[in-house]
1. On a 0 to 90° scale, report how tilted helix 9-22 is relative to the longest principal axis of the chain, with both axes built from alpha carbons and the result rounded to the nearest 10.
2. Taking just the C-alpha trace of the range 206-327, give me its Rg and Dmax in Å.
3. What is the angle, in °, between the Cα long axis of helix 136-146 and the longest principal axis of the Cα atoms in the chain? Nearest 10 is fine, range 0 to 90.
4. What percentages make up the Cα-Cα pair-distance distribution of the range 67-191 when the bins are 10 Å wide from 0?
5. With θ set to phi - 60° and the Karplus curve 6.51 cos²θ - 1.76 cosθ + 1.60, what are the ³J(HN,Hα) couplings of the range 288-297 in order, to the nearest whole Hz, using x for Gly and Pro?
6. Before anything else, pin down the relative contact order of the range 206-327: Cα pairs under 8 Å, at least 6 apart, normalised by residue count, whole percent.
7. Based solely on C-alpha atoms, express the radius of gyration and the Dmax of the range 118-178 in angstrom.
8. Write down the Å³ per residue value for the convex hull defined by the alpha carbon atoms of the range 63-119.
Amino acid sequence: MTTTGSGTRQAALEAIAEVVAARQRFIVAAHVRPDGDSIGSQLALAFALRALGKQVRVISRDSTPQPLQAFPGVAEIEIRTDVDGEADTAFVLECSDLERTGLAGLERFFVVNIDHHPGNTSYGAVNWFDGSVAACGEMIFDVIERLSVPLCPEIAAHLYVAILTDTGSFHYSGISPRTFDICRRLVEAGVDPVTVARTVYDSNTVGRLRLTGIVMSTLEVDATGRRAVIHLDHDAARASGGTPDDTEGLANLPLTVPEIQAVAFFREADSGRLRVSFRSKGTVDVGAVASRLGGGGHKNAAGCTVAGTLDEVRSRVLPMLDEAIGQATV
């Protein structure tokens, strides 16, 4: 078994290339509640492996958000809770541990773990963690380049979706000159940035518009003007005619107010739990807050699931968020 740690990019790429060269049947998985980075990274890697003549299954516990369903290969993703059959290798992307996939059975395989989120437990036979990149899509770009697979329009589109969405349309920290250099390469390979952005962000339904109004009507801003809170319960969600996918991106809206530095979005999940999405600006580290609550993510975009009523969860979470705001440099 080969293990590489953070800071060993070239060694990781060599180890991954050796795995791909020696093996034929692959599974590509990522985290529950997939987003643009996980879907884009999975499918870009799958297209690349197939270009090398490999057999590939892309598996997800949850379905793809509606705006991303227009992209090539999404319809072939298997939606299931376990992984059956045989494979030589499982690529697991964007997961700090195997439980994050929501899939049973992955531990049976030779696992290649590729991730950029803090807290990765190095659970694979091959592990590549790089917390400096803006999106997992940047890492998959490197893998595809190392495998000498040309950037066809399908691969390029998925990598661009990965980077566009995980940077919050280039709003979040972690963006580097190399991020834009990769995007330049993707555009040269056939990506139309305008078409991709409109597909991802301008695919609203009437239900989403109503849901947006309901959520924004709950907006609370604290006395400092720096922290905002919004929430959504099951009854309100049903009344809007929206879907869980329609809440994607709503936590970002309060950040359009210049003074607001951080947002907590509370949504009813199941079994007496709430899903909490955090968004922030600048040096406000909401990733650290989510990590303290058993979740994770990036410095400016993170989330967790917490047991309790709305009032109970708020009373536990908001002091932590206020502390993170207070510790940030202005």
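1. 50
2. Here Rg and the maximum Cα pair distance are 13.4, 40 Å.
3. For 136-146 against the chain, the angle is about 10 degrees.
4. Per 10 Å bin, starting at 0, the Cα pair percentages come out as 12, 38, 39, 11, 0.
5. Values per residue, Gly and Pro as x: 5, 5, 4, 4, 4, 9, x, x, x, x Hz.
6. Working: 234 pairs, mean separation 23.7, N = 122.
It rounds to 19 percent for the range 206-327.
7. 12.7, 34
8. Numbers: hull volume 6.3 nm³, N = 57.
Taking only Cα atoms, the range 63-119 has a hull volume of 111 Å³ per residue.
Coordinate-derived values only; no laboratory data. Model, not experiment: these values are computed from the prediction. Because the Cβ atoms are built from the backbone with ideal geometry, glycine has one as well, and the counts that use them run over all protein chains shown.
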